[in-house]
Structures are given as structure tokens and as C-alpha cells.
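First up is the structure itself, then whatever we jot down about it.
What follows is calculated from the coordinates using simple rules that are stated; it is not laboratory data. What you see is a predicted model, and the numbers here were worked out from it, not measured in a lab. Neighbour counts run over all protein chains shown; Cβ positions are idealised from the backbone, glycine included.
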Amino acid sequence: MHHHLILRVVSKMLIPPILLYALYVQFHGDFGPGGGFQAGVIFAVAFILYGIVFSLDHLRRAVPPHIVRRFVALGLLIYAGVGVANLFLGGNFLDYSTLAHDAKHGQHYGILLVELGVGITVAAVMISIFFAFASRPPTIKDTDW
Amino acid sequence: MFDDFSSSFIIQHYNYWMVIVLMMVGLYIVVSRGNLVKKIVGLNLFQTAVFMLYISVGKIIGGTAPILTGNPDEVYSNPLPHVLILTAIVVGVATTALGLALIVRINERYGTIEEDEIADIEQEIDRQESA
Amino acid sequence: MLSAILAHAPALQTVVPLIAAPLCVLFGRRHLAWAITLAASLISALFAAYLLAQTLDGSVISYELGGWAPPLGIEYRIDAVNAFVLFIVASVGALVALYARESIEQEIDPALHVYFYTAFLLCLTGLLGVTITGDAFNVFVFLEISSLSTYTLVALGAGRDQRALTAAYNYLIMGTIGATFFVIGIGFLYMLTGTLNMADLAERIAALGDNRTLRIAFVFIFVGIGLKLAMFPLHLWLPNAYSYAPSVVSVFLAATATKVAVYVMLRFLFTVFGFDYGFQAATLQTIVVPLAVIAMFASSIVAIFQSDLKRMLAYSSVAQIGYILLGISLLNKPGLTAGIIHLFNHAVIKGALFMAVGAFVYRIGSSRIEDLRGIGKQMPWMAAAFVAAGLGLIGVPLTAGFISKWYLIQATLDEGAWWLALLIVGSSLLAVIYVWRVVEAMYLAAPVQDAPVKKAPWSMIVPTWIMVLASLYFGINTELTGKAASTAADLLIQATQIEKAPETVPGAPAAGE
Amino acid sequence: MEAFIDIVLFGFLILTAIAIMRLRNLFAVVMLSGVFSLLSAGLFVVMDAVDVAFTEAAVGAGISTVLMLGTMAMTSREEKPPVHNRLFSFAIAVIVGAALIYGTTDMPPFGSPDAPAHQHVGPDYIERTPKEIGVPNVVTAVLASYRGFDTLGEVAVIFTAGIAVIVLLHGRTRPARTARARKKEKDV
């Protein structure tokens, strides 16, 4: 989409606020609607927008696919890792109360961490899926729409 | 008396019936259409209708979203169906992504995404194999 | 230290493969991924064996995930029934992991091996999670983990045959409809009871009595799981999925996936719903018994006419599921015992058969029966394994298959249904025909290939023969399987009987409130 | 008022669904399925499920639509006329629908605070969250803590989907395009 000047300018302006909003949704999920999953999707949308409006190569340079794949695994590991940490701290699997001296604080840390795990995996998976779809040769050309 | 009963019965259940109509349309699309993309769209419709069923279960008339305000008189809708459906939506999009990826591959191999044309090609392969 | 770990065995046996899966992706090396997979599935199998040993006396282990007591949180609840299934799945998983290393070399692009192992571990996680959980919605979540990874694994067969793609797609559509039906059923149950915990559901459903919403919940859960376990008219996805999947995937699916679905069916029929009120018992007796019998005959006959060995075994699986369902729907203890024992025996037998076929595919690149002519002399170990396991499939004495059929026939005679017993024997004769066709080709026909065929690699022979020997061992010594199955049957029947007396249930709301 | 909005939204949803069923232009179908998701997100808001609405809007209307458009770009834009046995499909849909409607006749009334679903664990979560978890959003508390294991499973499902798509669509990247793009960059 090299010919859409307006699109390119507008998206350049849009991407930073989208990322910021994703972070807000990620860390504000305890208080209002939102959480790791929604944040992950929004975070990924910023990258997908960049990939669509500029080019897949630009996006590849910004976030190499093999690194994104590692993040796909990382998020799930963070989540499950919290559970394992709880085991070592003497609780049941995913019993966040063990994470701090007082159960309520422990719950809070636990939720924050697992939501982070959710967000990372969701964002990375969405970006990976975009990479996978976008790098297949299309049969319908850009101009045919 | 009977009139009163039937009208209140309808008011109490119309929500479920609307949801069921949507489910039927979704299921009909999945079963009746031969286009692979359209089938996935139908499946999405069917699943979204099921989500509505769950959310209807959680609703309390006069209630608000289950985000605590500190007001002790507030009535909150049931949060559990919401949680279940958040999970189900994620499962749904995961299935959609997988299905679409399969469609892309099928199209590359078979050159079509229509079920009957694919069946013809597969029959041809069968015939060549046994020949 | 050990006892501290074992206290968390219920969670760990699911979580270990779940953590191993992302580790495979994180490291991204295929040999390392294989090692991780083998280690994780072995650890999981050890935990499962421990759980089985703990529950064999009929006791129940409950594990509260997140430390939240049920029904508020999710509970893992293990008794002899699911411990037995866990043991089957995890130990087959470990053997398949061993077998996979060589088998996928030929069938799957090396660049994808890491992802194959990841998907395999996820599938294992899903199946174990479905089996062990005591929470109805958690069943759905883990069912979908196993389903999505299964679709992926089946589609990996596209490297050998493009039809794997359409097989995976059709499986995805049917499987998702099944899962959605299941979710609708769970939603109805939640609407009536306000809970998702299975034990809690059982109490509340018993207190509820007959109810139209409950009936429909039952029907939708039954049909939903019926799709997953390839119950006769809903089995259409299975033959293609099993035939075009990579061989090692066929082994794993044939030995575990449908078995887990049967377990879920058992759990819902007996523990959650109970048989007290007529609707379910009537449904089972009038619908499932005829369907099971049709499956036994129709699928066996279709199997006879297949030219592809994998496809033949797939149809045979549909028929074997018929035996299991027949045993269950007799609704008496011997029938239930027969069903559960056959669950195990069929897993071992079909696993061994598909492993042997996988080895043929590995060496000669085909599973068509006419290409296997003379393979008996060229690959003696694998051909012998196929014959030994095939005898089990028929139900020849001294094999595990005989034990299952023995129990099953006894169960039908207990019900006075001697004609069912005759039908079981009759359908076994059909198995003789299709197994004989293969034996004939392997041993009596002249070899197709002039070039000598190499023996299968040891890493394939060893797991195959472990399966074969298991199928022979459990045909002679039925102590473990018999005890596990009869304890499991007792537990299931007890669960139903408890519900027959709702007044003994404390704290349940009175009916009609 | 809520009931009114409810009925209007359902009306639009059913119209959209029927349009999706009848249209054969896949571009229109995909766009309408996005519309369907947005409308259902609206319905979720009316029924107090704000978190669900947020997710449905982001996923159903956003991600799913983008993926479907991408798929369409690689396959075809027009659906061929159906050749399936319509009567059979229709019978299946009607039987399933009739069974469900039969099931609704014994259901607790919609929105009633006395329904069994609101007598058991549901209110427990609302009551216990401030004491035990201390976050105002009860949905987050249940999602991440009380039923945190389900959510771990959910992350595993998403992970599986990611792996699946990577596996299915590996290799065969767009060689012509990238080569051209690289050349262009060199020229610049």
C-alpha cells in the first residue's frame, strides 16, 4: 500500500496511542473491563496495522518472526511458572496466596503476573498468525478489490 | 388468567428463543453450505449464539456489570457465565484461525474451496491409486 | 521431598507436558524437543501409575487447583475410573514418544519436527486434563486443547497425502459442532443448578428430578460427546482422519482419543446424571444398543473391503467402539466392567496394530494391502507383531481381546440377551476375515519388491513389541485390568445409587423449590 | 427500556444472520459477520457482560474479520451455489432448534434473581472477592484466580492455535513480492 499516503501518515500517528491503550487495558483489568487477553489483541493490532500499511518486510525487521515465536512460548511459561512457583512455596498449583506474606497481596501479584503471561502469548500468537497468513501468495491482487 | 400466563411466559423466555433462532441459522449454514469459508462463518455464528445463551443465564434484571462499586445496595449480574464465555470466545477464535489456515492450504493443493469439487478431485485420486 | 511432590501428583501429571510444550518451542531444536517430549510423557506416566495405585482400592483423591475449595474453584478428582484411563493415556503417550523419533523422519518435514512434538505434548495435556478434572467446564477447555492439537497433527499428514488437509478440516467442523453441543448442555445444567463441579452437579441434579431442560441437557451432552468418540452414525470424520494422519499420530489417536471421549461419556452418564430416572436409561437401551450392534457389523463389513490397511483399522475402531458402548449400555456391572476393560485392551491392541503399520509405511512408503505382499519375510518382527495384535482384535483366547469379549458375553447373558451374545460372536468372525486378508498378503503372497526391505529401526520395534506383549500379558493375567475395571464399575454404579436416594444428600435444595 | 434495546438488537442480529445465509458474495458475508459480532457485543453490554463485549468486539469483529479477509484474498470471493441436500440440512437445524425450545420450557425465567444460577457460586464470588482478592472487577478475580486453571487452559488453546497456524502455513513465503520490495528499497 505504498500509494496510500494518508493511510500511512494516519497510522503512524495511531500506532503509539494504540500501544499505550493496550498497556492501559493490560494493567487496568483489575478495576475495569479488560485484562491480558484484550490487551494482547490490541497490542497485536498495532503491529498488524504497521504490517499492513507499510510492508511485511518492515514488520519483519521490527519484530523478527522467530523472536515472536519465542514470546508465544514465553507467555504460557510465565503463567504455568507462577503455578509451579506456588508449589515450591508450599501451596497448591496456582494458589497465589503463597506469593506474599498476606494472602490478598499474593492474589494481587499472582493475577498481575498471569495476566501478563496471557497478554504476551495472545499478542505473540496474533502477530505470528498475521505473519503466517500475510506471507502466503495471494490470488486476488490489491487492485482487484 | 391464561392470557396473563402465556404473555408472561413469552416475556420470560423470548430471549432464549431469539438465541435459539440464531443458533439454528448458524447450524444450518454449517451443514448446508459447501463453501469452506462460509462453513466457518456459520460455525462462528452458531458459537456466538451459544455465548448469548450463557450471558442470558447470567443476567439479572435491574442488575449492573459485576464491577464492584462499593454501594451495598447494588445488584450485580452473575460473573461466572462471563468468565466462561471469555474462555469460549478465545477457543472460538483459535478454532477459526486453525480452520482458515487449513482452507488456505486446501486451496493451494486442490485449487478450490468448494466441498463438492474437492470430493470430485479426491475420487479421482482414489481411482488413480487403485488403478 | 518425594511425598511433597507426590501430594501434587494430580496437578503435575497434566502440568508437566503442558510446560514441556512451550519449552520445545523456546529451544527450537528437534532432538532436544524429542528428549523433552519423552521425559515429560514418562514423568506423566509415572504420576498416573502412582495415582492408579492410590485409587485401586476405591478411594477418591481430590486436588483443589488454586487452593480454592470446590465448587468455587476447579477440582481435580481422581478415582479408579479415571486413574485407569489416565494410566492408559500417559503410558501409551510415553511409548508413542519413543516411537515417534524415527517414524516422523520419513513422513514429516524436518523443519516441523519441533512443532510436531509441541502439538503432541499439547494433545497429551488435553487428554489427561479432560480425564482428570472434576469440573464440567474445565472438560471443555481441555477437550479443545486436545482437539485443536489433533487437527494440527492430522494435517501434518499432508506431507504424504494432501487428503490429510480435508480430513483435518472435516474433523474440525464435526469436532467443533460436537464441542459446542457439549457447551450448550453444560450451559443448561448450569442454568438449573448454578454449579459446574461434577460432584456438586450430581447432587443437585438428583434433587431436581425429571425436568425438560435437564433432558435436553442430557441429549446435547450425549450427542456432543458422541461426535467426539465416533459413535456409529457420528463417526464419519474418523476413517479419513486416521488414514491420512502421519502413522505415529494414527497410533496415538487410535489408542487414546476415543477412549478419553468414552470416559467422559461414562462420567456424565453415571456420575453426573445417574440412571435413576427413566429417560436416560430408556435412551441408552433403545438407541445405543441397536447403534452399537449396527456399528459392530456395518463397520466390520466396510473394513473387509478396504484396500488401505490404515483405513481398514480405522473402520475396525468404529466397530470396536461399538463393543465398548454395548457393554456400557447394558447398565449392569459385568457390562460396565467389560466396557472399561475393553477400553484398555483395545487401546493396547490398536496401538500395536497401528505401530506395525507405521513401520511398514516407514520402510516401503505405503500402507496399501497389495503393497504389503510378502512383507512377512522381509520385516518379520513387525509382521509378527501385527499378527499377534490382530489375534487380539479377533478375540482369540490368551489375548487381551478374548478377555474383553468374555466379559461382554457374560454381561449379555446376565441380562438374558443371548441373541446379543450371538451377535458379538458373529461380528468377531468378521474381524477374522479382515485380519486374515492382511495375513494372507503378508505371508502367502509373493513379495512385490525385488529389492530387500530393511528391518524396522529398534526405536520402533521396541515400543511395538511392548504393546504386543502387553496385549498378550493382559490376556493371561487379568489381575490388574480386571481389578481396575471392576473397581471402576463399582464406583460408577455406586454413584448412580447414591443419587437414587436424594434424602441422604445434605444441603441440597428440595425439589420444586 | 433494556428489553426494548434487547429486542431491537436481536432483530438486527437475526436479519444479519439471514443475510449471511443468503448472500453468496464472500466479501459481503465476511463483513456482515463482523457486523454480527459488533451487534452481539452490543447485546452483551445490555446484558451487563462488559468484559465479554470488549473481547467479542476485539476478536469477533477485529481479528476474525481480518483473518477471513486474508483467507478470502488467497482463495475466492464468490461462493458457488450450494449443491447439498437442503432439506436434510433444514431438518437437522429444525430438529436441533425444536429440541432446544422444548428445553427452554422448564427454564427459570430470563433475568430472574431467584434463578438457581444466582443462588449458588455466582453470588459467592461477588461476596468473597473484596475479602479474598481485593480487586473491584469480579470477572477478573474469577478468571485469573478462582478459575485460574481454566484460563491457563485458555492460554494453552491460543498457544495451540498459534503453533497450528505456524505449522500449516510454514514455508512458501511470498518470494516475488519480497524480492521486488527489496529491490525497491535498494533503489531508494
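Things worth noting here:
- Given R0 = 60 Å, the distance between the Cβ atoms of C:Gln410 and B:Ile61 translates into a calculated FRET efficiency of 0.60.
- Range in chain C, longest, excluding exposed trypsin sites (Lys or Arg not before Pro) [loop by DSSP; at most 15 other beta-carbon atoms within 10 Å]: C:30-453
- Calculated FRET efficiency for the pair A:Lys104/B:Glu117, C-beta based, R₀ 51 Å, to 0.05: 0.25
- Take every pair of alpha-carbon atoms less than 8 Å apart whose residues are at least six positions apart; their mean separation over the length of region C:1-79 yields a relative contact order of 29 percent.
- A simple count of charges around B:Glu129, restricted to other residues whose Cβ falls under 12 Å of its Cβ and scoring Lys, Arg +1 and Asp, Glu -1, yields -3.
- Projected label distance in nm at C:Ala53 and C:Gln494, using a 7 Å step from Cα toward the beta-carbon: 2.2
- The mean count of C-beta atoms from other chains within 10 Å of the C-beta of residues in B:114-122, rounded to a whole number, is 4.
- Counting only DSSP H runs of at least 4 residues, each contributing -39500 (n - 2.57), and dividing by the residue count of the protein assembly as shown, the helix-based mean residue ellipticity at 222 nm comes to -24000 deg cm²/dmol.
- Centroid-to-centroid separation of region B:54-131 and region A:1-75 [C-alpha atoms, Å]: 23
- Cα→Cβ-extended label distance, 7 Å offset, between C:Glu370 and C:Phe305, nm: 1.7
- Candidates B:Gly26, B:Gly70, B:Gly99, ranked by Gaussian network fluctuation over chain B, Cα under 10 Å, top entry: B:Gly70
- Ordering C:Ala383, C:Leu38, C:Thr55 by the projection of their Cα atoms onto the charge dipole of chain C, which places +1 on the Cβ of Lys and Arg and -1 on the Cβ of Asp and Glu, puts C:Ala383 at the extreme positive end.
- Kirkwood Rh (inverse of mean 1/r, distinct Cα pairs), region D:1-81, angstrom: 13.3
- Each part reduced to its alpha carbon centroid, region C:250-327 and region D:86-162 end up 30 Å apart.
- Packing, as the average of other Cβ atoms within 10 Å across residues, places the peptides C:64-72, C:333-341, B:60-68 in the order C:333-341, C:64-72, B:60-68, highest first.
- Translational diffusion coefficient (Stokes-Einstein; Kirkwood radius from C-alpha pairs) of region B:3-131 at 10 °C, 1.306 mPa s, in µm²/s: 88
- When only the Cβ of Lys, Arg, Asp and Glu is charged (+1, +1, -1, -1), the dipole of region B:2-130 relative to its Cα centre reaches about 380 debye.
- Under conditions of 25 °C and 0.890 mPa s, chain D yields 115 µm² s⁻¹ as its translational diffusion coefficient, taking Rh as the Kirkwood radius over Cα pairs in the Stokes-Einstein equation.
- Near-label residues of region D:95-132 by backbone N, under 17 Å of a point 7 Å along Cα→Cβ of D:Ile7: D:110-111
- By other beta-carbon atoms within 10 Å, ranking D:Thr160, D:Thr104 with the fewest at the front produces D:Thr104, D:Thr160.
- Over region A:5-137, volume per residue of the alpha carbon convex hull, in Å³: 107
- Per residue, the convex hull spanned by the Cα atoms of region C:8-504 measures out at 123 cubic angstrom.
- Under 5 Å from the amide H of C:Arg368 lie the amide H atoms of C:Leu309, each residue being 5 or more positions distant or on a separate chain, with H modelled from the backbone and absent for Pro and chain starts.
- Sequentially through region D:54-63, phi angles give Karplus couplings (6.51, -1.76, 1.60; θ = phi - 60°) of 4, 5, 4, 5, 5, 8, x, 7, x, 4 Hz, Gly and Pro residues having no value and appearing as x.
- Links that overshoot a 31 Å alpha carbon limit, given the list C:Lys350/C:Lys455; C:Lys259/C:Lys333; B:Lys38/C:Lys228; A:Lys12/B:Lys38; C:Lys310/C:Lys455; B:Lys59/D:Lys131: A:Lys12/B:Lys38
- Per-residue average of Cβ from other chains inside 10 Å of D:6-15: 3
- A dipole drawn for the protein assembly as shown from +1 and -1 charges on Cβ atoms has a positive end, and of C:Gly358, C:Leu189, B:Gly99 the residue lying farthest that way is C:Gly358.
- In degrees, nearest ten, helix C:80-107 long axis to first principal axis of chain C (Cα): 30
- Rg to Rh quotient for region C:355-450, alpha carbon positions, Kirkwood Rh: 1.12
- Column: log10 I(q)/I(0), Debye, Cα scatterers of the protein assembly as shown, q = 0.11 Å⁻¹: -1.47
- Relative exposure of C:Ser307, A:Ser55, C:Ser3, judged by other C-beta atoms within 10 Å (fewest first): C:Ser3, C:Ser307, A:Ser55
- FRET efficiency estimate (nearest 0.05) - Cβ-Cβ, C:Asn477 to C:Val453, R0 35 angstrom: 0.50
- Dipole of the protein assembly as shown, positive end: most advanced residue of A:Ile15, C:Leu227, B:Thr64 [Cβ charges, Cα centre]: A:Ile15
- When only alpha carbons are used to place a centre, region D:1-59 and region C:224-242 end up 32 Å from one another.
- Within chain C: Cβ-based charge dipole about Cα centre, in debye rounded to nearest 20 (Lys, Arg +1; Asp, Glu -1): 1260
- Cα long-axis angle, helix D:26-46 against chain D (0 to 90 degrees, to the nearest 10): 20
- Distant-in-sequence amide contacts of B:Tyr76, defined by a placed amide H-H separation under 5 Å and a gap of 5 or more residues or a different chain, comprise B:Thr64.
- Cα-centred dipole magnitude for region D:1-81, charges only on beta-carbon of K, R (+1) and D, E (-1), debye, nearest 20: 520
- Scanning residues 5 or more positions from C:Ala445 or on other chains, those with amide H under 5 Å from its amide H are C:Gly374, with H placed 1.01 Å from N in the peptide plane.
- Note on A:92-102: average number of Cβ atoms from other chains within 10 Å of each residue's Cβ is 6.
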